[in-house]
1. Write down Rg/Rh for the range 51-197, rounded to two decimals, with Rg from the C-alpha atoms and Rh from the Kirkwood relation over Cα pairs.
2. Pulled fully out, how much extra length does the chain show between Ile139 and Ser193, if you take 0.36 nm times their separation in residues and subtract their Cα-Cα distance?
3. So between Ile27 and Arg65, what do we pick up on full extension, going 0.36 nm a residue minus the alpha carbon distance?
4. Debye calculation, C-alpha points only, no solvent: report log10 I(q)/I(0) for the range 81-149 at q = 0.14, 0.15, 0.18, 0.29 Å⁻¹, in the same order as the q values.
5. Can you compute 3J(HN,Hα) from phi for each residue in the range 145-150, using the Karplus curve 6.51 cos²θ - 1.76 cosθ + 1.60 with θ = phi - 60°, rounded to whole Hz and x for Gly and Pro?
6. So what's the net charge close to Asp163: Lys and Arg +1, Asp and Glu -1, counting the other residues with Cβ under 14 Å from its Cβ?
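Please treat every number below as a calculation from the coordinates, not as lab data. Predicted, not measured: the structure shown is a model, and the values here were computed from it. We place every Cβ from the backbone using ideal geometry, glycine too, and count neighbours over all the protein chains shown.
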Amino acid sequence: MDSHGTDHNFTPSRRLNFIIAVCAIGISLASFIATYFQAQSEAAQAKAMTYPLIQFTSSNYDSERNQQQLKLVVKNQGVGPALVKRMKYHYLDQSYNSLYDFLLACCTSGFQEMNQRVKEGAFNDSVEYAIITASTNHIILPANESVDALTLNRHALNANLWDQINRERWKLSVEVCYCSLLQDCYKSKGIDSIIEVSSCDDF
């Protein structure tokens, strides 16, 4: 280096090598960023393609059979299967872990009357007018498939219970925790209230 601070050893070839090294670092960095965003995009796409969407509905008439029929239905409106972990039934500011507990709370007299008539054999071993329930906890629900949590056809023998459930179902809301096949988990109180959670363990 001379008195003016000039480095005569920084030859054109060294400058060229320096430029090549900087370019290589820039290319590597750009490649890393592109790979990262591609991975993020693929993950988001996979998440979207396996996204489940659980909805709870109720109805009181079967148009095909032209019959008064109560149904409480859990349906997967999403594009991927849902691993339904737990459901909670909220009724009059109380939370119940099972449909059975909700029925006892909402419709005690009708429910007890129905059970007594079943014990007495009033239905002649027919289930057509009995309460039919299905498990909604720890089930796999494919896309666009549903499970009837409760089915009850109206009859003179169960009219009291049927009318009570039909009236009180409007006061019922259901909270459900479920996961996708990728183990992305969600807690839902309805279509307008869905939040992503780390797991359903504390639900």
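1. 1.00
2. Gain in length upon complete extension: 17.3 nm.
3. Extra length available between Ile27 and Arg65 comes to 6.9 nm.
4. Scattering profile of the range 81-149, log10 relative to I(0): -0.58, -0.66, -0.84, -1.22.
5. Per-residue couplings from phi come out as 10, 9, 10, 7, 5, 8 Hz.
6. Numbers: positive: Arg154, Arg167, Arg169; negative: Glu113, Glu168.
Once all neighbours under 14 Å are counted, the net charge is +1.
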